[in-house]
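The values are calculated or read from the model by the stated rules, or taken from the named source; none is laboratory data. Note that the structure is predicted; figures quoted are calculated from it, not measured. Reconstructed Cβ throughout: ideal geometry from the backbone, glycine too, with neighbour counts over all protein chains shown. These area figures cover heavy atoms from the full protein model, side chains too; ligands, DNA and RNA do not enter into them. Shrake-Rupley method; radii C 1.70, N 1.55, O 1.52, S 1.80 Å.
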Amino acid sequence: MADKKRLTSSRKLDHLRICAEEPVESGDPGFGDVRFVHNALPECDMGRISLESRFLHHTFSSPLFISAMTGGHPGTKEVNARLARAAEMYGLGMGVGSQRAALEKPDLADTFSVVRDEAPHAFLVGNLGAVQLRDHGIEWAEKAVEMIEADALAIHLNFLQEAIQPEGDHNAKGCLEAIARLCADFRTPVIIKETGCGISAATARQLWSAGASAIDIGGWGGTSWAAVESVRAKETGREHDKGLQSLGQDFACWGIPTVVSLAEVLATGNPVIASGGIRSGMDMAKSLAFGADLCGMALPLLQPAMKSDEALAQKIEAIHRELTVTMFLTGSERVPDLRKASVQITGKTRQMIDKDNPARIKR
Ligand SMILES: Cc1cc2nc3c(=O)[nH]c(=O)nc-3n(C[C@H](O)[C@H](O)[C@H](O)COP(=O)(O)O)c2cc1C
């Protein structure tokens, strides 16, 4: 058991290092197939554009959401502190990484609670895996929320990663029921999030019926956990892990592209966080035009957060500038106005979204 706890914690550091140093992105989220129709007469003042956004009864200064990444090893505390300072300064929402390590080993709790210390006013989202929720129930969910005084709790779905991780949990039975039980008994809003494979309309319907407060689609086309675990398997050098290394490479192509997942989930309900391969303010604007409430980014914020507060601030400001220019050129003074902007959808993304596509198998 002590070994297992140590493994959970050291894995967190491996993930940060691998994501910062190795090519871990895979696929195409589909934003290249979406184009705004340029508005040559936008009739709005770029200086007066507001990025203010609403989600779960909370007002944010911007729709940029810092997706769940880290905590759980002493070496991750400063990165979480930096992300939290940015969330506080720019009025952003922020998720922490899976709190499992600190629930197994409470002396790691400060690597998460530092986020509340640095961001006393920010909307913070706790994080727990669906498997841990099933196995430990509402007690761990309550502890995770308390640890960071969270405004919401994200339950992550990561079964591709579990399938490839040497120490992964391969039994997904009972997770939907555990989610439904949590949603029925919990006072804190529950967000269900994928981690890079996307959520289909059918899964979204199950989650809304289970009582989810929001869905974070975590679509394919950005950070690939198959790729990350493939690198980890290679690094162990163990003979047995060689098979996992190639399994990870083979499954880096697996998932629902972000734009397709976004269209599917939004057809079933809201609120929705778009995430997975969002790499610019323009990608954010496209997601908001589809109807997303917030837009999550993980990897693009990790590299600057590992450098300095200034590097992270520069990145966030560049993203905001691009979002603002896109809003200007579509005549959108406020974030909700983007939903009225005209977009053209082409290529594979259009084919996959098209409900009448004969290649689409309906369920
Ligand atoms: C270093 C790193 C660690 C992550 N850890 C978690 C985690 O613990 N829990 C979780 O729900 N998602 C985790 N994620 C997934 C992100 O929240 C996000 O869903 C995914 O990376 C897709 O976004 P991106 O393409 O912008 O990176 C992690 C991502 C990164 C890059």
Next on the checklist: What distance in nm lies between label points placed 7 Å from Cα along the C-beta direction at residue 177 and residue 322?
Outcome noted: 4.5
Checklist entry - For helix 281-290, what angle does its Cα long axis make with the longest principal axis of the chain, in degrees from 0 to 90 and rounded to 10? => result 80
Checklist entry - How many percent of the accessible area of the range 32-104 is carbon or sulfur, using a 1.4 Å probe? => result 49
Checklist entry - For the cross-link pairs 105/193; 105/173; 5/77, which exceed 20 Å when the distance is taken from alpha carbon to alpha carbon? => result 105/193; 105/173
Next on the checklist: Eigenvalues of the Cα gyration tensor times 5, then square-rooted: what semi-axes does that give for the chain, in whole angstrom, largest first?
Outcome noted: 31, 24, 20
Next on the checklist: Going Cα to Cα from residue 143, which aspartates and glutamates come in below 19 Å? Please leave out same-chain ones fewer than 8 positions away.
Outcome noted: 104, 107, 110, 117, 135, 151, 185
Next on the checklist: Using a 1.4 Å probe on the protein heavy atoms, what percent of the accessible area of the range 122-197 belongs to carbon and sulfur?
Outcome noted: 46
Checklist entry - Among rounded, prolate and oblate, which fits the range 1-76 when a ≥ b ≥ c are the square roots of the eigenvalues of its C-alpha gyration tensor, a/c under 1.5 means rounded, and a/b larger than b/c means prolate? => result prolate
Checklist entry - What is the gain in length, in nm to one decimal, between residue 78 and residue 54 on full extension, counting 0.36 nm per residue of separation less the C-alpha to C-alpha distance? => result 5.8 nm
Checklist entry - Could you give the radius of gyration (one decimal) and Dmax (whole number) of the Cα atoms in the range 1-142, in Å? => result 18.7, 65
Checklist entry - In the range 285-363, how many lysine pairs have Cα atoms under 26 Å apart, counting only pairs 8 or more places apart or on different chains? => result 8
Checklist entry - Averaged per residue, what accessible surface does the range 26-353 expose to a 1.4 Å probe, in Å²? => result 41
Checklist entry - Pairing the Cα long axis of helix 2-21 with the longest principal axis of the chain, what angle in degrees results, from 0 to 90 and rounded to the nearest 10? => result 30
Checklist entry - Do the sum for the chain: with -39,500 (n - 2.57) for every DSSP H run of n ≥ 4, divided by all residues, what is the mean residue ellipticity at 222 nm, to the nearest 500 deg cm²/dmol? => result -14500 deg cm²/dmol
Item to check | Span from the the range 160-178 Cα centroid across to the the range 68-104 one, whole angstrom | outcome: 24
Next on the checklist: What FRET efficiency comes out for residue 279 versus residue 138 if R0 is 51 angstrom and r is the Cβ-Cβ distance? Round to the nearest 0.05.
Outcome noted: 0.90
Checklist entry - Against the longest alpha carbon principal axis of the chain, how many degrees, from 0 to 90 and to the nearest 10, is the axis of helix 77-90 turned? => result 20
Next on the checklist: How large is the accessible surface of residue 76 in square angstrom, using a 1.4 angstrom probe and rounding to the nearest 10?
Outcome noted: 0
Item to check | Reachable aspartates and glutamates, given that their alpha-carbon falls under 16 Å from the alpha-carbon of residue 234 and they are not under 8 places away in the same chain | outcome: 14, 21, 22, 167, 250
Checklist entry - Expressed in nm to one decimal, what extension gain is obtained for the pair residue 10 and residue 117 from 0.36 nm per residue of sequence separation less their Cα-Cα distance? => result 36.1 nm
Checklist entry - Under the definition of Cα pairs under 8 Å and six or more residues apart, what whole-number percent is the relative contact order of the chain? => result 22
Checklist entry - Relative to the present Cα-Cα distance, how much length would full extension add between residue 309 and residue 354 at 0.36 nm per residue of separation? => result 11.9 nm
